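Visitor: Can you keep this structure in mind? I'll have questions shortly.
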Amino acid sequence: AKKEPKKVKEPKMEEEDDKEEAIPDYFKAMEDNIMVLEKAVELNDKNLIRRLWRKNTNLRKNMSLLDFQDVLMVYVPADCPSRKVMLNSLDAAQKEEMDTGGDRKDRSGEAKKTEISLEVECYLHLFIVSRLMGMKPMRTKEALESSRLIVERASSENRRSLDSFVSKGWHWYARCNELLGKAKDIRPELIAAHRTACLRLNEMGQSVLTNLILRSYTEDNLITQAMTFASKTTFPESASNNQQVRNLYYMGKAHAIQADYSKANDCLIRAIRKAPTNTGLGFRVHVYKLAVVAQ
C-alpha cells in the first residue's frame, strides 16, 4: 500500500483583526496620580505620596508634552498663580522636543476644574521642571524660574503633605543656580530655608537643605564653615537613604580635606555600603576613589 504523503502544516497567518498593543493612556495615568495625591492630602498619608513619586518615573519619561498640556488645561484653573509660568515653560519644552503627541484623544470636552490644591499645583509644576532639566541641552533658565515659584508656593503654608514638594523645589532651584554659576549667591537663602524647615519640623526639607548647604560650602573649599554648620545641626534619622548617602559623602570629603582620615574613611565606607547598586555608578566610583585616598 502506498503511503500517503504527510500533510505539511501551513503557518498560521495573523488575523487582521488581532488586537494591537494598547497605546498607554498617559492622560488617564496622570489623572490617577492626581487622585492618589488628593487622597494622600486628605488622609495626611506620607506613604501614599512616596508611592506617587515612584509611579511618576514612567510618566516623566514617556508622557507626551501635548498630553501633559491637556492635563494642565483641565486641572489648572485660569486664576492659578503658577498657570502662566507652567504654560510658558511647557512651550519652551515643546519647541525643544518637537513633540507631535502621536495619536491623541480630543480632550476639549473634558470638564475644567475650578479649584486646585497646592499639592497638585506643585506636583504638576515639578513634572515640567524635571522634563526641562532632562533635555539636551537643558533649559536651565526656564527651570530656574519654575523651581523658584515652586519653592515660594510650597513654602507659603505649613503642611506635612507639602514637605516633599518643598524639598524637591529647593533641590532643583539649587541645581539650576549651580549650573548657571550662581551657587554662592543663594547660600543665604538655603540657610534661611533650613532654619524654617527646622521650625516647622519638616525633616525631609531639613535633610535636603543640609546636604545642599554642605555641597555649597565644600564646592567652594569652605571646609571650616561646612564643619561649623554640621556641628550646629542634627541630620534627621528619618532621612531617605539617598540623602543619608549624600550626607556621609559630604562629611567624609570635609574630614578628608581637614586630614582627619579616620573619620573620613568611616563616613565614606558607610556611604559606599548604603549607596544603591542599580544606579549612580559615577557617584560610587568617585566615593571609592576618595575612600582609597582617605585610607
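The values are calculated or read from the model by the stated rules, or taken from the named source; none is laboratory data. Please read all numbers here as calculations on a predicted model, not as lab measurements. Positions of Cβ are generated from backbone atoms using ideal geometry, with glycine treated the same way; all protein chains shown enter the neighbour counts. With ligands, DNA and RNA removed, areas are computed over all heavy atoms of the protein, side chains included. Shrake-Rupley method; radii C 1.70, N 1.55, O 1.52, S 1.80 Å.
Visitor: Enter the accessible area per residue of the chain (Å², integer; probe 1.4 Å; all protein chains in place). Each step should come with its number before you reach the end.
Guide: Values: 17760 Å² over 295 residues.
That works out to 60 Å² per residue.
Visitor: Of the candidates 224, 277, 196, which one comes out as most mobile in a Gaussian network treatment of the chain with C-alpha springs shorter than 10 Å?
Guide: Comparing 224, 277, 196 in the GNM, the peak value goes to 277.
Visitor: Sort all Cα-Cα distances of the stretch 171-245 into consecutive 10 angstrom bins from zero, then give the percent of pairs in each bin up to the one containing the longest distance.
Guide: Result returned by the calculation: 19, 55, 26, 1.
Visitor: Let me ask something else about it. Given the DSSP H assignment, sum -39500 (n - 2.57) over each helix run of at least 4 residues in the chain and divide by its residue total; what's the result at 222 nm in deg cm²/dmol, nearest 500?
Guide: Calculated at 222 nm, the ellipticity per residue is -21500 deg cm²/dmol.
Visitor: What do the square roots of 5 times the Cα gyration tensor eigenvalues come to for the stretch 129-184, in whole Å, largest first, as semi-axes of the equivalent ellipsoid?
Guide: On the way: eigenvalues 92, 27, 14 Å².
Square roots of five times the eigenvalues give 21, 12, 8 Å.
Visitor: Using only the Cα atoms of the stretch 108-263, what are the Rg and Dmax in Å?
Guide: 17.0, 66
Visitor: Here's a follow-up. Which of the listed residues, 78, 37, 130, is farthest toward the dipole's positive end in the chain, when Lys, Arg count +1 and Asp, Glu count -1 at the beta-carbon?
Guide: So the residue we want is 130.
Visitor: Rounded to a whole number, what % of the accessible area of the chain do carbon and sulfur atoms account for, probe 1.4 Å? List each step's numbers first, then the result.
Guide: Values: 8900 of 17760 Å².
Carbon with sulfur: 50 percent of the solvent-accessible area.
Visitor: Only loop residues by DSSP count here, and only those with at most 15 other Cβ atoms within 10 Å; note down the trypsin sites (Lys or Arg not before Pro) in the stretch 190-295 that meet that. Could the numbers behind the result be given before it?
Guide: Numbers: sites: 195, 200, 215, 232, 246, 253, 263, 270, 273, 274, 284, 289; in loops: 200, 232.
Passing sites in the stretch 190-295 are 232.
Visitor: Once you order the gyration tensor axes a ≥ b ≥ c over the Cα atoms, which shape class does the stretch 224-287 get: rounded for a/c under 1.5, otherwise prolate or oblate by comparing a/b with b/c?
Guide: Values: a/c = 2.26, a/b = 1.31, b/c = 1.72.
In terms of gyration-tensor shape, oblate.
Visitor: Also, quick follow-up: Quick one: order 229, 283, 165 from most to least accessible surface, probe 1.4 Å.
Guide: Values: 229 30, 283 70, 165 0 Å².
Descending accessible area places them as 283, 229, 165.
Visitor: What is the angle, in °, between the Cα long axis of helix 140-154 and the longest principal axis of the Cα atoms in the chain? Nearest 10 is fine, range 0 to 90.
Guide: 80
Visitor: Against the globular-protein guess of 2.2 N^0.38 Å, express the Cα radius of gyration of the chain as a ratio, rounded to two decimals.
Guide: Details: Rg = 24.5 Å, N = 295, 2.2 N^0.38 = 19.1 Å.
The reported ratio for this selection is 1.28.
Visitor: Nearest 10 degrees is fine. How inclined is helix 187-199 to the longest principal axis of the chain, computing both from alpha carbons?
Guide: Helix 187-199 and the main axis of the chain meet at about 80 degrees.
Visitor: Say each of residue 222 and residue 201 gets a label point 7 Å from the Cα, pointing the same way as Cα to Cβ; how far apart are those two points in nm?
Guide: Those two pseudo-labels are separated by 3.1 nm.
Visitor: Using just the C-alpha positions of the stretch 41-90 as equal point scatterers, what log10 of I(q)/I(0) does the Debye formula give at each q in 0.16 1/Å?
Guide: For the stretch 41-90 at q = 0.16 Å⁻¹, log10 I(q)/I(0) is -0.64.
Visitor: Sorted by accessible area with a 1.4 angstrom probe, largest first, how do 201, 222, 65, 43 fall?
Guide: On the way: 201 125, 222 50, 65 0, 43 105 Å².
So, going from the largest accessible area down, we get 201, 43, 222, 65.
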